[in-house]
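Asker: Sharing a structure below in C-alpha cells format, with a few things to ask.
Read the figures in this text as sums done on the coordinates, not as results from a lab. This structure is a prediction, so every number in the text was calculated from the model and none was measured. Here the Cβ positions follow ideal geometry from the backbone for every residue, glycine too, while neighbour counts run over all protein chains shown.
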Amino acid sequence: MAYKDQQDFIGTLEKAGELLRIKTYVNPKLEMAEITDRMSKQPGGGKALLFENTGYDFPVLMNAYGSEKRMCMALGVNHLDDVAKEIHDLFKLLSAPKEGMMEKLKLLPKLGQFASWMPGVKSGRGDCQEVIMKNPDITKLPVITCWPKDGGPFVTLPVIHTKDPNTGLRNVGMYRMQIFGPVLTAMHWHKHKVSAKHFNEYKKLNKRMPVAVSLGGDPVYGYAATAPLPENVDEYMLAGFLRKKKVELVKCITQPDVEVPSDADFIIEGYVDPNDEMIWEGPFGDHTGYYSLADWYPRFHITCITHRKHAVYPATIVGIPPQEDAWLGKATERIFLAPIKMALVPEILDMEMPVQGVFHNLNIVKINKDYAGQGQKVMNAMWGAGQMMFNKILVLTAPLNPPGGGTFEESFKINDYLRVAQDVFKNLNPATDIYFSQGPMDVLDHSCSKLGFGGKMCIDGTFKFEEEVDESYEFRVMSSELSEIHLKEKFSEIHAVNTALLKKEIPCIIISVEKNRKAHIKELHQQICELEEIEGVKMILYVEHTVDANDLPTALWRFCNNLDPKRDYHLCKTPITQSTNQPINQYAACMGFDGTRKTKEFDDFHRDWPNIIVADDETIKAVDKKWEQLGIGKFISSPSLKFKGQMYGEEAAVPN
C-alpha cells in the first residue's frame, strides 16, 4: 500500500498501538538515542517513538522500522515473504516460454501495471516545498547526536539523490551526514557505492555535482535507499513496486537537475565540488556495534532547505545489536532471496542473516545439493553477487538428499540455529570443508589489516558425497570430561569457557582469553588440542578476556566483528593412535579462530582498533531521572551497562 506521507504512516502506527508519543522535553544530543536504544532492545523491537518536545520546531520520529510488524507495515504487506513471492511469480511470468499470441497477451496487464509504478516528475512544487528557509541552516533541524564519542550530530536517515552526469541515471542511497555548520556537512559515501562512482565522473568533467537529500515521506523510500539494487535500476521503481503506486517527484529549487519525492518532509539541496579539499569526518557509532574511525570524505554545501508544514524529522540510531536496522536487513534478506535464487543461484532454498552478524559478517544459506562441489559453486556465486561481496563468513547447509533418490528432508528451518548448527557440525571436517579467500570488505570492517580488503571464509556444512570425503580424517564422539575449571587451572590466561554447545551435540567451544604475547592464540590452541579431553571438538572460538564466553549472542557478535578468517585461523591436526599407542594414518582436526582484539604489539596489526559503543554515565543518569515523565511504560535500564566492562579505556579509538 502507498502512504500519503510520513504523517499518514505515523497515524497508522498509532492506531495499531505501535507508536508512543513523548511530550516531555528530550535532548536530541544523546538522550533521544539512549531512550531509543533501551526501547529497540525490548522483545519484538519495542515501539516507535515520537519525540514531540525537542527544543526545535519539529518533532523527531525514531524506531519506526524497528520490528517485524512495523517493517511489514512500512512496506504494506502482512509478511516480508509476501514480497519475495510476488517477485518470484513476476520472474516466472516474464521468463516462461511464450509460444502463442494468447500467451504473450497475458503479459500485457502485468506489464501495464508495472509501467504504472515507474516514477514520474510533476510540474510545479510539491508538499515538500511548502516552506522555504529564507537562509538555509541545517542546525535549525533537530539532528541527533547518537553516541558520546561521535564526531558531532549526524543525519542518520538521509535519502540521497545523485545522477550519473553521462547517462542521467538516478541513484538513491543512504549515507550518513555529519553536520559541520549551517550549510556544510560531510557526505559519507564509501568507494564501493554508486554515488561515489557518480562523484568520480564529475571529477573527470571538473564539474560541481548536484545532490539532494530527502527526509520523511512514504516510509518505503527509506527502505528502497538501502536496498542492494543493480546500478542501472532506479530505487524509485522498487519503491513503486512495493507501494503499488508510482513515486511522484518534483524538481529541486536550486538544483533543478535533481528530482525528489513530492511528499517528503524535508529536502536539503546542495552540491559537492570535486575541487574542494576533503573534510575529516567521524568517528561514528556504527551498525557493527563499534565506532567507525574518522576519515576523509567530500564536503556537501547546502544551497536550499525546504519542508512541508507540520514536518516530522525522521532519525535512527545504530549500535550494538539488536537495533532498528536489523529489520531493514531482514526485509532485504527476504525480498532479495527470490531474485538471487532465480537469477544467480537457483539451488538456494533459504537464506538467513543473524543479527549477531550485523549484515555482512555472517550469512547462513540452505541449498538443494545434487553433486560434489556444489557448495563451492554456491560460495563463488554468492561472493560475486552485488553487496554479497562484503560477506565475511558464509555457512552452507543442505537437507539430506538420499543417495538412492527420493525427496529432500525439510526437517529444520534455517532460523532454527540449534538444528542448523547440529547439522553443519555433523557434516563438517574442519581440515577440508572450510574455504578461505580474500576480497573486498565493508569499509566499516575494522578487523581487516588493510581498509576495505580482507579475508573471508565459507564453512561447507552440507552433507558430503563420496568424492568430497577425505578418509585420512576421523572424528570421534565428543568427550564428556571437558571442564571449564580444568582448562582455567591449566591455562591462567583463560578467563571463561563455554562448553554448553557440547551438551547440544555441537562440537564447538568458546574461550575468553587474555593475550599477552605474539602467537599466543596459535600456541594456546595447539596446547589445548593436545589434551585428551578435547577429542571430538571440531572448532574453538577465542574471544577477548573482557567478553563473557557464556553469553553466546554477545560472544558471537564480538567474534564475528574481530575476525579476519584468512589471517586468524589456526588448524591443529592430531594423529589418532590405537590402544597400542602406535600411530595410524588418520588424524583428528580442530580449527581455532582468533576473534580477539588485534594490536601492533601482539599481532603486527597497524590500524587503529575502535571501541564498542556505549552511552556515557551522564546521559544514562539523565534518562533514568526523567523516565517516569516520559510516559512510555515501566523502567528499562540502559543496555550500555552490560558492556561498560568490555571497553578499551575511554577513547573511541585506541592507537596501537
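Asker: From the Cα trace of segment 240-281, what convex hull volume per residue do you get, rounded to a whole Å³?
Answerer: Enclosed volume per residue, from the Cα hull, is 136 Å³.
Asker: If you find the alpha carbon centre of segment 461-499 and of segment 432-448, how far apart are they in angstrom?
Answerer: So the separation of the two Cα centres works out to 24 Å.
Asker: Using DSSP to define loop residues, name the GluC sites (Glu not before Pro) in segment 250-300 whose beta-carbon has at most 16 other beta-carbon atoms within 10 Å.
Answerer: Passing sites in segment 250-300 are Glu277.
Asker: Let me ask something additional. Evaluate the distance, in nm, between pseudo-label points positioned 7 Å from the Cα of Lys413 and of Glu493 along their respective Cα→Cβ axes.
Answerer: 4.3 nm
Asker: Nearest 0.05, what FRET efficiency do Thr167 and Glu14 give at R0 = 51 Å with Cβ-Cβ as r?
Answerer: Once the sixth-power term is evaluated, E becomes 0.75.
Asker: Could you list the trypsin sites (Lys or Arg not before Pro) in segment 294-336 that lie in coil according to DSSP, counting only those with at most 12 other Cβ atoms within 10 Å of their Cβ?
Answerer: Listed in order of number, the matching sites are Lys309.
Asker: Here's another thing I want to ask about it. Can you classify segment 147-232 as rounded, prolate or oblate using the Cα gyration tensor, where a ≥ b ≥ c are the square roots of its eigenvalues, rounded means a/c under 1.5, and otherwise it's prolate if a/b beats b/c and oblate if not?
Answerer: Verdict is oblate for segment 147-232.
Asker: May I ask for the distance between the Cα centers of segment 47-84 and segment 175-236, given as a whole number of Å?
Answerer: 22 Å
Asker: Quick one: Debye curve from the C-alpha atoms of segment 411-536, no solvent, what's log10 I(q)/I(0) at q = 0.10, 0.20 Å⁻¹?
Answerer: Evaluating at q = 0.10, 0.20 Å⁻¹ gives log10 I(q)/I(0) of -0.44, -1.32.
Asker: Still on this structure, I have one more. So for segment 402-548, averaging the separation of alpha carbon pairs under 8 Å that are six or more residues apart and normalising by length, what relative contact order in percent results?
Answerer: Once divided by the residue count of segment 402-548, the mean separation gives 20 percent.
Asker: Where does the chain land on the Kirkwood hydrodynamic radius, alpha-carbon pairs, in angstrom?
Answerer: Answer for the chain: a Kirkwood hydrodynamic radius of 26.6 Å.
Asker: Got a sec? Which residues in segment 358-374 would a label at Lys642 touch, if it sits 7 Å along Cα→Cβ and we count backbone N under 15 Å?
Answerer: Within reach of a label on Lys642: 358.
Asker: Got the relative contact order for segment 484-610 handy, in percent, Cα pairs under 8 Å and 6 or more residues apart?
Answerer: Result for segment 484-610 is 24 percent.
Asker: Counting Lys +1, Arg +1, Asp -1, Glu -1, what net charge surrounds Thr139 among other residues with beta carbon under 13 Å of its beta carbon?
Answerer: Residues near Thr139 contribute 0 overall.
Asker: Same structure, new question: Between 0 and 90 degrees, rounded to the nearest ten: what's the tilt of helix 80-95 against the longest Cα principal axis of the chain?
Answerer: So the helix axis and the longest Cα principal axis differ by about 80 degrees.
Asker: Could you compute the FRET efficiency for Glu484 and Glu277, with r as their C-beta to C-beta distance and R0 at 51 Å, rounded to 0.05?
Answerer: Result of the calculation: an efficiency of 0.40.
Asker: By how many degrees, between 0 and 90 and to the nearest 10, does the Cα long axis of helix 617-630 differ from the longest principal axis of the chain?
Answerer: 60 degrees
Asker: For the chain, with only Lys/Arg (+1) and Asp/Glu (-1) charged at the beta-carbon, what is the dipole magnitude about the Cα centre, in debye rounded to 20?
Answerer: I would put it at about 1700 debye.
Asker: Then there's this: State which entries of Lys15/Lys644; Lys23/Lys621; Lys149/Lys251; Lys29/Lys450; Lys204/Lys598; Lys149/Lys598 exceed 29 angstrom in Cα-Cα distance in the structure shown.
Answerer: Too far apart for the 29 Å limit: Lys15/Lys644; Lys149/Lys251; Lys29/Lys450; Lys204/Lys598.
Asker: I need the GluC sites (Glu not before Pro) found in segment 168-248, filtered to DSSP loop residues with at most 14 other beta carbons within 10 Å of theirs.
Answerer: Filter output for segment 168-248: Glu231.
Asker: Now for a separate question. For Gln629 and Asn53, compute 0.36 nm times the residue count separating them, minus their Cα-Cα distance, and round to one decimal in nm.
Answerer: 206.1 nm
Asker: Right, here's the next one. What does the charge dipole of segment 514-618 about its Cα centre add up to, to the nearest 20 debye, if the Cβ of each Lys and Arg holds +1 and the Cβ of each Asp and Glu holds -1?
Answerer: Magnitude of the dipole: close to 640 debye.
Asker: Okay, next question. Mind giving me the FRET efficiency for Lys134 and Glu601? R0 is 51 Å, r the Cβ-Cβ distance, nearest 0.05 is fine.
Answerer: Working from the Cβ atoms, E equals 0.35.
Asker: Additional query: Can you give the convex hull volume per residue for the Cα atoms of segment 341-468, as a whole number of Å³?
Answerer: Per residue, the Cα convex hull of segment 341-468 comes to 108 Å³.
Asker: From the P(r) of segment 484-610, could you give the percentage of C-alpha pairs in the tail past 18 Å?
Answerer: Taking all Cα-Cα pairs of segment 484-610, the fraction more than 18 Å apart is 53 percent.
Asker: Here is a follow-up. Over the chain, what is the mean sequence separation of C-alpha contacts under 8 Å (at least six apart), divided by residue count, expressed as relative contact order in percent?
Answerer: Once normalised by length, the contact order is 13 percent.
Asker: Also, I was wondering about something else. Which angle between 0 and 90 degrees, to the nearest 10, do you get for helix 520-529 versus the longest principal axis of the chain when only C-alpha atoms count?
Answerer: It works out to around 50 degrees.
Asker: Here is a further query. Pull up all non-local amide H partners of Tyr587: gap of 5 or more, or a different chain, and H-to-H distance under 5 Å with H placed in the peptide plane.
Answerer: Counting only residues 5 or more places away or on other chains, the set is Tyr473, Glu474, Ile576.
Asker: Ok, one more. Once the dipole of segment 193-244 is set up with Lys and Arg at +1 and Asp and Glu at -1 on Cβ about the Cα centre, which of Gly240, His198, Ala224 lies farthest towards its positive end?
Answerer: With unit charges placed on the Cβ atoms, the residue in question is His198.
Asker: For Ala64, which sequence-distant residues (separation of 5 or more, or a different chain) have an amide H within less than 5 Å of its own amide H, given hydrogens modelled in the peptide plane?
Answerer: The list, which skips near neighbours in sequence, is Leu49.
Asker: On to the next question. If you place +1 on the Cβ of every Lys and Arg, -1 on the Cβ of every Asp and Glu, and leave all else neutral, what size is the dipole of segment 341-468 about its Cα centre, to the nearest 20 Debye?
Answerer: Approximately 320 debye in magnitude.
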